[in-house]
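One structure is given here, and the rest of the page talks about it.
The values are calculated or read from the model by the stated rules, or taken from the named source; none is laboratory data. For clarity, every value in this text was computed on a predicted model and none was experimentally measured. Ideal geometry is used to build each Cβ from the backbone, glycine not excepted, and the neighbour counts take in all protein chains shown. For the accessible areas, the whole protein counts, side chains as well, though only heavy atoms, and no ligand, DNA or RNA atoms are used. Shrake-Rupley method; radii C 1.70, N 1.55, O 1.52, S 1.80 Å.
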Amino acid sequence: MPSGQTMGDNDPVSIDEQQDHSLLTGELEDATVRSENTDDTPSQRVKKWVPSRPTIAAVAGGVILGVALFALPMPYVLESPGPTFNVVGSYRGTDLITISGTDPDSGQSVAVEPSTESEDGVGQLRMVTVSQRGGPSARLNLAELIMGYFDSKSVLVPYEEAYPSDVSQEEVDQAQSAMMSNSQSTAEVAALESLGWDVPASVRVVQAVKGTNAEGSVQSGDLLVSLTDAQGVVHPIDRASTVFALVKTIPAGTTLTLTVERNGEQVDIPITTVAAPEGQQGSRLGVYLSVEATFPLDIQFNLKDVGGPSAGMMFALGIIDRMTPGALAGTESIAGTGTVSYDGEVGAIGGIVQKMWGAKRDGASWFLAPSSNCDEVVGNVPEGLSVVSVSTLSEARSAVETIAAGQGDTLPTCE
């Protein structure tokens, strides 16, 4: 499933149907109404409609067509521009991002003012979504498929590319919710550390990636203690971003020593790094990790019924905006999308064309796109929307500040 999707069923498409019975063809047979006290005169005759065989066939065909249009499931999923949300504004009467707590160094309470979106001249930072129709709980019908086919802002995706054949809607919703929760966690870490806050964390092994050197070496639940690089330098792993930032500076095929705590004892594990995903820097350990961070502040995201990982970058920018003086976007309306890692790398997402259309519809003039999505951006930018390519949270923040200063035309694009 594409990331950044609105969850739950959409309202069904309503199609007004009017049936003009005068258009039905049939044979009219005279029927006489008789009474004991009245004469059988022509004026007392009424017309009784008796359907012909062609008419019955037409009605039956209409019923079959109706079933085909509205009941038979189609093997496609329809993705359309979804709603957008101003992460530095409010949602259903509550600030979308709320921050409270105490600075552990000074002991002073951190005061974050309520959002100022209602004030004149205050810019917006909009996260974008994709609305999806045709999931496991409500498959796409033929009428919806036809309408989607002729909608230039939407796309039809084969069902098997969007969902495994045996997945349930409940499982989809759970996965989307988990990805959203993870994107908020990574946004908190990336934003706070970019502002100079320390975010301690414990990092554990979930499992090894199949086919990598880590398979058969690490075990689920191993607590990462340190990583020793090829030069013998030991890097303690006490923050969420440490291991992610380190491997991005190391080429694939490098042998490192991963020290873990297992059953109360420390174990040294040699691991040869593997290539990073296309478009990303450095290498990877070949290990799925879980992070449990200790946040110095209480950051809440008051947004419901939206799932997926693609709002991470915009959530991080929203936190930075709320914790720094003034409006980061100035008076501009800036939308954007992209995952964000614990160390601030912006990653690719799905449905970027639909997200750009949603941003344009809701008044954005600028759009921040992951550089790894540029191949999908080129040739698909809505008129009047300027797209800026970014690959890190630092670049994204700098881009917003540059746009706010009226110098957005100097920023890199996907062209």
Options Tyr288, Ala230, Ser202, ranked by Cα towards positive dipole end of segment 200-294, top entry (Cβ charges): Tyr288
Overall Cα dimensions of segment 200-294 - principal axes, largest extent first, Å: 35, 28, 24
Apportionment of accessible area to carbon and sulfur, segment 200-294, percent (1.4 Å): 47
Sulfur and carbon atoms: percent of accessible area, segment 73-144 [1.4 Å]: 45
Whole-number accessible area per residue in Å² for segment 200-294, which is evaluated in the context of all protein chains at 1.4 Å: 52
For q = 0.11 Å⁻¹, Debye-computed log10 I/I(0) when each Cα of segment 257-349 counts as one equal scatterer: -0.53
P(r) histogram, all alpha-carbon pairs of segment 273-415 included - 5 Å bins from 0, percent: 2, 9, 17, 22, 21, 13, 9, 5, 1, 0
Where GluC sites (Glu not before Pro) fall in DSSP loop in segment 109-202, at most 11 other Cβ within 10 Å: Glu119
Heavy-atom accessible surface of segment 324-380: percent carbon and sulfur, 1.4 Å: 51
Distant-in-sequence amide H partners of Ala335 (H built 1.01 Å from N, under 5 Å): Arg126, Ser365, Trp366, Phe367, Leu368
Qualifying trypsin sites (Lys or Arg not before Pro) for segment 259-330 [loop in DSSP, other Cβ within 10 Å: at most 13]: Lys304
Tensor-based shape of segment 254-299 (alpha-carbon gyration tensor, a/c under 1.5 rounded, otherwise prolate or oblate): oblate
Spacing of the two label points (7 Å from each Cα toward its C-beta) at Ser152 and Glu261, in nm: 6.0
Surface per residue (accessible, 1.4 Å probe) for segment 295-369, Å²: 27
